[in-house]
Amino acid sequence: MPIAAAEVAQSLSTGWFLDHAWLVPLIPAIAFALIILFGKRLPMKGSEVGIISMAASLVISIGAAYQWIQRVHSGGKDTFIEPVVHTWSWWQSAGHSFTIGQSVDGLSVIVLLVVAFISTLVQIYSVEYLRGDRRYTHFFAALTLFSAGMLAMVVAEDMLFLLLGWEIMGLCSFILIGHWWEEDTNSRAALKAFLTVRIGDVGLLVGIAILYFSANEWTTKNLGVSGFSIRGISAWALSGEPNSTVIFLAAIALFVAAIGKSGQFPLHTWLPDAMAGPTPVSSLLHSSTMVVAGVFLVARLYPVFFTGFDILGTGSNFITVIGGITIVIAAALAFVQNDIKRVLAYSTVSQLGYMMLGLGAGAWMPAVFHIFTHAFFKACLFLCAGSISHSASHHSFDMKRDMGGLRKYMPITFATWIISTLALSGVFPFSGFFSKDEIIDNVGHNGYNTFMVIGLIGAFMTAAYMTRATYLTFFGSPRGNSAVAHSEHDAGAHSPHESNWLITVPLILLAVLALGSGFLNATPFGEKWERLNEWVDPRPVESASLESVEGAAPIVPAASTEEAHGESVCGTATPENGVCFAPQLQHAPFKWSKAGLSLAIVLAGILLSWSASAALYTRKDRRLVGLTQRNPVLRVGYNVLANKYYLDALYENVIVRSIAGPIAKGAYWFNQKVLDGVLHSFVFASRGVANWVYRNIDQKVVDGAVNSTGNVTRSAGGALQPVQSGKVSQYGALLFSAAAVAALVLVIVNT
Amino acid sequence: MLVNQFLFLAAVIFCIGVYGVVARRNAVLVLMSIELILNSVNLNLIAFSLRNGSVDGQTFALYVIAIAAAEVGVGLGLVLLVYRNRRSISLDDLSEMKG
């Protein structure tokens, strides 16, 4: 006996925190205003407001996560867990009404938690890291506003609100990268980041417009929501209604936005330059939260991409190709960097490639899980880099020149760095192993074998470049600034030492999560451990919980059986007039043989890189040192990498200069030769005519008239001269009084 | 009717703007007053658009906002140049147009 879905939906529990999840972005938004207005007068220059607001957001997020889990448990195993939706009318204009609101589901909750948590830690860290900075208050204001924007994007119910949060993030990214704008490179990096991401943002606008105009009718009729509603768009995309070209174009436009924001090939070039910003900014915006916004967008509107790119239907699609390219090219670039933050930046790009690859290959849940774990260990790595520059290397990030041997001086930083590095490389049982391996595994399971191989190559490279960075930073002997002993310098200089607790406590907390967060979805230990699968996966059983405007009867969920998988995108047989909000996806069964292979690859990467690094940097092996200069093939490869595949050169020299150079020159030539030629011949002709007119008409007829007019005018002007006082305000008074008189006349005439 | 309040507010703002243009001597303040006048007109446009239930008025208001932005740009540019040349932006000093 099937149960009516409406009843099932009603039995889902909710709670205060879930219903008030909109407070999570609102609190930092208010805090931002307070910091800007009063921050400088407060005892801690506004940082306390930022930290308190982020802590409050974190508390609400934790509460919401707890209640979401209860909600999931209150539904049955195969129930679609409806998001908690609250909307308010935002503005109305000529019959169109726009809403603002929250739509909280598993994906929102998990990202809310990550963003609020890391924002809190990074703000605490920044108190010490930016102590005494000249724009300390503004820094905290921008950081808080960023969190507000990101959190707003995460809970957004409709595309317009999502766009709002998205743009706030872009703005804050610009402000924070250019925090020390007095240096030319920093403000250039900020501009580059802003403009590059901007290219993608145009895609988002276009995508929203396409979706609105094609989906609005359907969503209004069937669900009673506008074409901006994310739920409406999702249901529309899976309804079989949309034209495949339209939805393909919409998916392309939205994916361009994701490419820009999430630093995917070929728009990844802004992300490494964004490291010009202060390290807490790199840690929060450019590794763990803001850059995953693009991935989040794809995950959020997954049905659009699923239908538009025909995911699971073809051997490769736009998303997997971009993700796969990004993984490998970014990882390769990480090998030739000497700046520790740049290594991490390329690593972030590469990991974002994994998330995209997972989404493109139908591995939705593993990709979301990777957002979760990656945020912790990558934020931790960046904060470690900041800790080193703050306490050991005198604000230098150059691993080759100013670091080395730091493990003795900075034990806590070293330990947290190692844990995070192992997590990033994907060593069992650190968190990265569970998420990254699951992506690779599911990509293979869904039939994308080429991309699985790319994923494995990426895993090898990740392990290798992180080992190289670790070796250069913490092993060997101290070099440059790190080698400076206390006695050799006067006041101000100091030998390397551990940072104070404001820095180490966030590091330790993040390292604990980098180690432990993987167990939330530990597939190797059986289904009981797959907590996130249960809590976050939308379980796309069709549901009629949103009332049909036409008053259709409640739709009965079809019995879901394992055999029915894959018959329609909604999982079971397509409902007659039901809607579903997410495509049905499968999870690959875990096999130790596959995991063993990737673990072996990772270990090989670590060992190989370790021995190569030791030979190259410590023993200075003759065979290796300078090899890239001697061997022609390697030299070409090294040059390509050192020049970042010439992408920057392509963008700046070819594209920008072609517009500034040849095209401008062409326009000038056209202007000079063609337009002026026409003009000149015209001028000759008119000159002849003009001479005749001058002699016959002008001198005789016109001048006579003009002279007499002139005489009249001169006397009239003399009479009116006093009015021309030259004072603007008097003219204004005259103007307005004349207008007033005219208005009066108009009123009298009309009545 | 709700429109009345809008119109009243617009009229008040307009008068303040006119007062500013006529009474102020500082060029920047005069520019700001002109801005007030433009925006009171905007309010009128929007109020009537609300009453008539069409977006035309709002479209015009958007145009006015865009034009006003350009106008301020030009105006402030002029003020800046005047200041560079004379070290003063008092409008009373600018009476070369006296006939």
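Data overview
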| read-out | value |
| --- | --- |
| Which listed pairs, of A:192/A:341; A:341/A:378; A:192/A:644; A:644/A:665; A:408/A:436; A:436/A:594, have C-alpha distances above 22 Å, in listed order | A:644/A:665; A:408/A:436 |
| Derived scalar couplings ³J(HN,Hα) [segment A:607-614; Karplus, 6.51 cos²θ - 1.76 cosθ + 1.60; whole Hz; x for Gly, Pro] | 5, 4, 5, 4, 5, 5, 5, 4 |
| Length gained when the stretch residue A:70-residue A:674 is fully extended (0.36 nm per residue, less Cα-Cα span) | 209.9 nm |
| Helical contribution to [θ] at 222 nm, DSSP H n ≥ 4, -39,500 (n - 2.57), averaged over the protein assembly as shown, rounded to 500 | -21000 deg cm²/dmol |
| For chain A, the longest site-free run once GluC sites (Glu not before Pro) in DSSP loop states with at most 10 other Cβ atoms within 10 Å are removed | A:183-487 |
| Nearest-0.05 FRET efficiency for residue A:593 and residue A:245, computed from C-beta distance (R0 41 Å) | 0.45 |
| Between segment A:406-439 and segment A:343-382, the Cα center-to-center distance that results, in Å | 14 |
| Low-density loop cleavage sites - GluC sites (Glu not before Pro) in chain B, where at most 13 other Cβ are within 10 Å (DSSP) | B:96 |
| Angle in degrees between helix A:340-360 and the longest Cα principal axis of chain A, rounded to the nearest 10 | 90 |
| Residues with amide H under 5 Å from that of residue A:90, placed H, sequence gap 5 or more | A:98, A:99, A:100 |
| Selection of chymotrypsin sites (Phe, Trp or Tyr not before Pro), segment A:207-315, meeting DSSP coil and at most 16 other Cβ within 10 Å | none |
| Modelled FRET efficiency - R0 35 Å, residue A:747 with residue A:719, Cβ distances, 0.05 increments | 0.65 |
| Inter-label distance, nm, simple model (7 Å from Cα along the C-beta direction), residue B:71/residue A:40 | 3.3 |
| Shielding by partners - mean other protein chain Cβ count within 10 Å, residues of A:246-257 | 0 |
| Alpha carbon centroid spacing (whole Å) that separates segment A:664-737 from segment A:241-298 | 57 |
| Pairwise label distance in nanometres, residue A:512 with residue A:615, each label 7 Å out on the Cα-Cβ vector | 4.2 |
| Pair residue A:92, residue A:316: separation of 7 Å Cα→Cβ label points (nm) | 5.3 |
| Lysines with Cα under 16 Å of residue A:620, excluding same-chain neighbours fewer than 8 positions away | A:400 |
| Per-residue HN-Hα couplings for segment A:712-723 [Karplus 6.51, -1.76, 1.60; θ = phi - 60°; Hz; x = Gly/Pro] | 5, 4, 4, 6, 5, x, x, 5, 8, 3, x, 5 |
| Computed FRET value (nearest 0.05) for residue A:735 with residue A:703, which takes r as the C-beta separation and R₀ as 45 Å | 0.80 |
| Amide proton proximity set for residue A:80, modelled H, under 5 Å, gap of 5+ | A:541 |
| Chymotrypsin sites (Phe, Trp or Tyr not before Pro) restricted to segment A:338-388 and DSSP loop, no more than 14 other C-beta within 10 Å | none |
| Peptide-level mean, for B:18-27, of C-beta atoms on other protein chains within 10 Å | 4 |
| Residue-wise HN-Hα coupling along segment A:426-439, computed from phi with Karplus coefficients 6.51, -1.76, 1.60 (Hz; x: Gly, Pro) | x, 8, 5, x, 6, 4, x, 4, 5, 7, 5, 5, 5, 4 |
| Amide H within-cut-off set for residue A:495, under 5 Å, with H built and near neighbours excluded | A:486 |
| Options A:739, A:328, A:393, ranked by Cα towards positive dipole end of chain A, top entry (Cβ charges) | A:393 |
| Segment residue A:131-residue A:633, length gained on full extension (0.36 nm per residue, minus Cα span) | 175.9 nm |
| Given charges at beta-carbon only (K, R positive; D, E negative), |dipole| of chain A in Debye | 3000 |
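Values quoted throughout were computed directly from the atomic coordinates according to the rules given, and no laboratory measurement underlies them. On a predicted model such as this, the values are computed, not experimentally measured, just so you know. Here Cβ is always computed from backbone atoms with ideal geometry, including for glycine, and neighbour counts include all displayed protein chains.
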